[in-house]
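The values are calculated or read from the model by the stated rules, or taken from the named source; none is laboratory data. Remember, predicted model here, so these are calculated numbers, not experimental data. Ideal geometry is used to build each Cβ from the backbone, glycine not excepted, and the neighbour counts take in all protein chains shown.
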Amino acid sequence: MPHYPPRVSIYEVSPRDGLQNEPPLVPVGQKKLLIQALVGAGLRRIEVTSYVSPRWIPQLADADALTKDIARPDGVQFSALCPNTRGLERAIEAGMDEVAVFLSASETHNLRNTNKTIERSLQVFEDLVHQARDTKIRVRAYVSTVWGCPYEGAVDPKRALDITQTLLGFGCYQVSLGDTIGVGNPKQTQAICELFLQDISPEKLALHLHDTRGTALANALVGLQLGLFHFDSSLGGLGGCPYAPGASGNLATEDLAFMLDGMGIETGLNLPALVEAAQVAEKIVGRALPGKLHTAGLPQRRG
């Protein structure tokens, strides 16, 4: 029988990764309501926005207004995506707890997503991580397209491993591995996770799984069985990458939490509050979201 971790940490990405691909601009007040609902459901690690150019991601043009005014409850850690040192400066001005850097394991996607080669991205991030650590800001990293690229197809996981080891060497405390276009299957996920875990301890890794083809929860289960206990997810399954055609929503937070709760794995999350929060998210974006639990509802417990 697999030996599952007793507790899992969920890193919530709906305010950033979830909303960035939504066509209607969501007002700052509505974003704050979403973040409040997430905090109320027990989430303690939340990526709230990205300090990118509004020309790249118009939905996140309000990053400064959002992060300067947002309340930070005790015990809750807010993070923001930072593509460069100017983004870091904005994060410092806003008093952010943490920032995240990002690049791809495939050269073509990295060029489309950041307008930089992988080598150049790493050069930028080496300086950024050192600057952030000098100001006592923790840095997390994303490596996208680990399972496959929309432009190049299959990606050698050893390339992603090399990038991950480089980022950890810079001082990133954790690297999140992304199935950006949702092409992964459990066998592939096992091979990738086993490769990484040969050299990297599980607390330094997270899985960021898109559910484009319905395999995200199955892939998360494989990660659990191998000892991983950090997962990214998005309320209601919100999400998608503007530079990865067809990359629809993330693994839904409430679906992941429901599975973990049923397995006796602690998350610190309140399932009824998560369901209500996902319903809030649906009202904010004005459409039905793909998450299963908030649609079906919690099952009645048998006495």
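One table, with the values for the structure above:
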{"read-out": "Any hit, the range 214-235, residues being of a type outside the set (S, T, N, Q), in a loop (DSSP other than H, G, I, E, B) and surrounded by 24 or more Cβ atoms within 10 Å (Cβ to Cβ)", "value": "no"}
{"read-out": "Cβ-Cβ under 7 Å pairs, at least 6 apart or on other chains, the range 74-100 side in contact (Cβ under 8 Å) with a residue 40 or more places away in the chain, far side among the hydroxyl-bearing types (Ser, Thr, Tyr) and surrounded by fewer than 16 Cβ atoms within 10 Å (Cβ to Cβ)", "value": "ILE92/THR135"}
{"read-out": "Checklist (1) in contact with a Ser or Thr (Cβ under 9 Å, 6 or more places away or on another chain); (2) modelled with pLDDT under 95; (3) at positive phi applied to GLY297, failing item", "value": "(1)"}
{"read-out": "Qualifying residue in the range 175-190 (condition: β-branched (Val, Ile, Thr) and either in a helix (DSSP H, G or I) or more than 29 Å from LEU217 (Cα to Cα) (or both))", "value": "yes"}
{"read-out": "Selection within the range 271-290 - part of a loop (DSSP other than H, G, I, E, B), under 18 Å from LEU33 (Cβ atoms) and under 20 Å from the mean Cα position of the chain (by Cα)", "value": "LEU289"}
{"read-out": "Which listed residue, of ASP127, ASP134, is touching a helix residue (DSSP H, G or I) at 6+ places or on another chain (Cβ under 8 Å), surrounded by fewer than 21 Cβ atoms within 10 Å (Cβ to Cβ) and farther than 22 Å from ASN219 by Cα", "value": "ASP127"}
{"read-out": "Residue that is nearest to the chain's Cα centre (by Cα) [pool: residues in the range 137-156 that are buried (at least 19 other Cβ atoms within 10 Å of the Cβ) and among the hydroxyl-bearing types (Ser, Thr, Tyr)]", "value": "TYR142"}
{"read-out": "Set LEU111, LEU168, LEU161, LEU122: member being closer than 25 Å to PRO186 by Cα, part of a helix (DSSP H, G or I) and not hydroxyl-bearing (Ser, Thr, Tyr)", "value": "LEU161"}
{"read-out": "Test: residue in the range 90-108 that is more than 18 Å from the chain's Cα centre (by Cα), over 29 Å from ASP69 (Cα atoms), surrounded by 16 or more Cβ atoms within 10 Å (Cβ to Cβ) and not aromatic (Phe, Trp, Tyr)", "value": "yes"}
